[in-house]
1. Once the principal axes of the Cα atoms of region 180-390 are found, what is the range along each, listed largest first in whole angstroms?
2. Quick one: order 94, 34, 54 by neighbouring beta-carbon count within 10 Å, fewest to most.
3. Would you mind computing, in nm to one decimal, how far apart the modelled labels at residue 180 and residue 294 are, each placed 7 Å from Cα along Cα→Cβ?
4. When the Karplus curve 6.51 cos²θ - 1.76 cosθ + 1.60 is applied with θ = phi - 60°, which whole-Hz ³J(HN,Hα) does each residue of region 318-325 get, with x for Gly and Pro?
5. Ranking 384, 277 by Cβ neighbours within 10 Å, fewest first, what do you get?
6. Give me, ordered by chain and number, the residues 5 or more places off residue 130 or on other chains with an amide H under 5 Å from its own placed amide H.
7. Which of 75, 237, 221 comes first, and how do the rest follow, when ranked by fewest Cβ neighbours within 10 Å?
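Every number in this text was worked out from the coordinates using simple rules, so none of it is lab data. If you're wondering where the values come from, they're calculated on a predicted model, not measured in any experiment. Here the Cβ positions follow ideal geometry from the backbone for every residue, glycine too, while neighbour counts run over all protein chains shown.
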Amino acid sequence: MYLVIKTNVPPLGYYGDMQDKDFFISYNKADEKWATWTAWTLEQAGFKVVIQAWDFRPGANFVIEMQRAASEAKRTIAILSSNYIKSSFTQPEWAAAFAKDPKGETKTLVPIVVEKCDVEGILGPIVHINLVGLDEDLAREKLIAGLEPGRAKPIVSPSFPGIASSDATVTASKEPLAWTPGGGSGPVIMRGQLPSIRREGGASAIELHLLPNPSQHLSVRKLEDLKTELVDLGRNRGFFTSTEGITSIMNDELVYCQTKEDGNSGQGAIVTRTGQRGAWITLPRDGLGSVLDFDDLKPRLENILQTLLVLPFPTADSYAFAIRIAPCMMLTLGSANILGVRTSTTMQFAMSNPDSVNVTPGDTVSATSLSQNIDAVIDELLARIRAQFAKIS
């Protein structure tokens with residue numbers, strides 16, 4: 001009888017050099033189905049994955065295996081849900097990845113949201129992959145696209161967003177821009193009226209609000225959905241940067257999100273149950289205050305308007321516009337190029353300015369005309385802002 005010893009067989013539970021693993025998947029036991037689906041999908045795409053459900057075999061020391069996987073794998077995926085956030089056992093797993101890359105430069109920690117939940121604290125500012133509500137094919141596509149290196153540029157040309165025609169003699173009709181008397185519906189809720197916002201001070205900001213006519217009636221459930229969707233949309237369209245911390249607040253009448261720079265500056269967006277959709281953005285500034293540069297303002301307003309028009313709820317028949325710039329005490333009109341090189345003696349406006357400058361809703365534009373004539377709408381809004389400042393000059 002011969003005893004054959006196979007010295008080249010790895011021990012039970014051994015899953016290779018951890019430095020060779022692309023991802024360690026961190027999850028709460030309640031989300032194991034999501035974790036294993038994610039692992040399977042990634043390995044089908046050619047990534048190397050380590051996951052507790054498959055790789056931590058009987059007889060292994062769980063704590064040691066978990067510490068090794070969390071600290072040595074190239075990247076960590078956190079399957080985010082309310083179960084995960086509440087669990088004290090998952091915190092060391094994602095914390096190890098965060099400690100290796102606190103600035104997010106190598107994207108070592110990748111949160112994947114599989115359930116609607118409030119993501120706050122250190123995890124809040126990290127750009128995540130949101131799979132909530134997607135079917136399997138779309139979830140798979142979004143997962144792989146989010147984890148591939150480089151930019152998120154598609155491999156095929158995006159469809160042309162303008163007017164398409166089959167031949168030179170057939171053209172789609174374009175509704176001309178027409179303003180109709182009417183101020184929208186209901187009062188405008190401005191940034192300074194929102195819960196937890198202190199009296200406006202510091203950096204000046206411009207806010208733009210679209211008021212539906214007739215008013216809409218969103219469900220509270222829809223506001224709950226928008227609490228996450230507002231942040232995702234803002235980041236996807238460059239309204240928020242990928243590293244900014246965002247605060248989201250909701251009650252039974254409205255939902256809004258804003259950057260965490262402080263309570264009065266940065267950028268934010270709001271949706272109310274009556275269908276008001278609005279956003280604000282800080283104006284360029286230096287130590288002598290903010291500058292309102294109309295050339296700089298035009299692309300900012302266009303970005304706001306484009307973002308508001310793609311919010312995921314039905315459009316109204318028409319919209320009125322409300323604009324507010326505040327505070328104005330240390331606001332200068334001029335070129336943003338003067339920032340950093342000006343003195344107090346060169347400032348055109350200072351100290352005597354009103355608290356705010358407002359463009360009130362007085363007429364409406366149809367939703368179709370608005371979408372087809374955004375440049376003309378922006379030019380009109382800029383003209384109205386100039387007219388308001390002319391009254392105080």
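1. 52, 38, 27
2. The order, fewest Cβ neighbours first, is 54, 34, 94.
3. 2.9 nm
4. Karplus-based 3J(HN,Hα) across region 318-325 equals 8, 9, 9, 10, 10, 10, 9, 10 Hz.
5. Going from sparsest to densest Cβ surroundings: 384, 277.
6. So residue 130 has HN proximity to 113.
7. Lowest count first: 221, 237, 75.
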